[in-house]
Amino acid sequence: MGTIMELASICGWLVFHDYDSRRNTAGFPDLVLVHPTKSPGIIFAELKTQKGKTAIKQEEWLNKLAAVIDKIYPNGAKREHISVCLWRPNHWTQIEEILTGE
């Protein structure tokens, strides 16, 4: 998580991570990233270890966020402004490409 947050900050993303989520609604994604010119401009990212499993509430949040995106971009349209991601260590190349815009 620290590496992703550091790279995102270097690349100009606003990064939100609640360091003490015990009082929050269960399941909200680990990171919210916002960038005014990169695509997607808003990313909700749940971070897991390579074999880590999502909890039911995490899946609920990810699925409902994805459903909203499907309403905004119907019929498989390109989702260029908002993205919901489940990132694992083996996704590093993709994460790096998204955050750097390259």
Considering the dipole of the chain built from charges on the beta carbon (Lys and Arg +1, Asp and Glu -1) around the Cα centre, which of I69, I10, V32 is farthest to its positive end?
I69
So what is the 222 nm mean residue ellipticity for the chain from helices alone, if each DSSP H run of at least 4 adds -39500 (n - 2.57) and you divide by all residues, rounding to the nearest 500 deg cm²/dmol?
-10500 deg cm²/dmol
Which one is right for this structure if Cα extents along the principal axes in Å is calculated from it: (i) 34, 33, 26; (ii) 30, 28, 24; (iii) 38, 28, 25?
(i)
Accessible area (Å², per residue) of the chain, counting only protein heavy atoms and a probe of 1.4 Å:
67 Å²
Listed by chain and number, the lysines with an alpha carbon less than 29 angstrom from that of K71, same-chain partners under 8 positions apart left out, are K38, K48, K53, K57
Kyte-Doolittle mean at least -0.5 and Cα extent at least 18 Å along the axis: which DSSP H helices of the chain qualify?
56-72
Rounded to the nearest 5, what % of the DSSP beta bridges within the chain are antiparallel ones?
55 percent
Quick one: go through the range 19-34 and flag any residue whose amide nitrogen is under 17 Å from the point 7 Å out along the Cα-to-Cβ line of L86.
27-31
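Counting other Cβ atoms within 10 Å, which trypsin sites (Lys or Arg not before Pro) in the range 13-102 have at most 10 and lie in a DSSP loop? Provide the component values of the computation, followed by the final result.
Details: sites: R22, R23, K38, K48, K51, K53, K57, K64, K71, K78, R79; in loops: K38, K48, K51, K53, K78, R79.
Those that pass, being in a loop and sparsely packed, are K51, K53, K78.
Let me know the shape class of the range 1-58, please: from the alpha-carbon gyration tensor, a ≥ b ≥ c as square roots of the eigenvalues, rounded when a/c is under 1.5, otherwise prolate if a/b is greater than b/c, or oblate. Each step should come with its number before you reach the end.
Details: a/c = 1.91, a/b = 1.68, b/c = 1.14.
Because a/c hits 1.5 or more and a/b exceeds b/c, the range 1-58 counts as prolate.
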Cβ-placed point charges (K, R +1; D, E -1), dipole of the chain about Cα centre in debye, nearest 20
340 debye
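The values are calculated or read from the model by the stated rules, or taken from the named source; none is laboratory data. Fair warning: this is a prediction, and the values are worked out from it, not measured in the lab. Positions of Cβ are generated from backbone atoms using ideal geometry, with glycine treated the same way; all protein chains shown enter the neighbour counts. Protein only, heavy atoms only, side chains kept; ligands, DNA and RNA dropped before computing areas. Shrake-Rupley method; radii C 1.70, N 1.55, O 1.52, S 1.80 Å.
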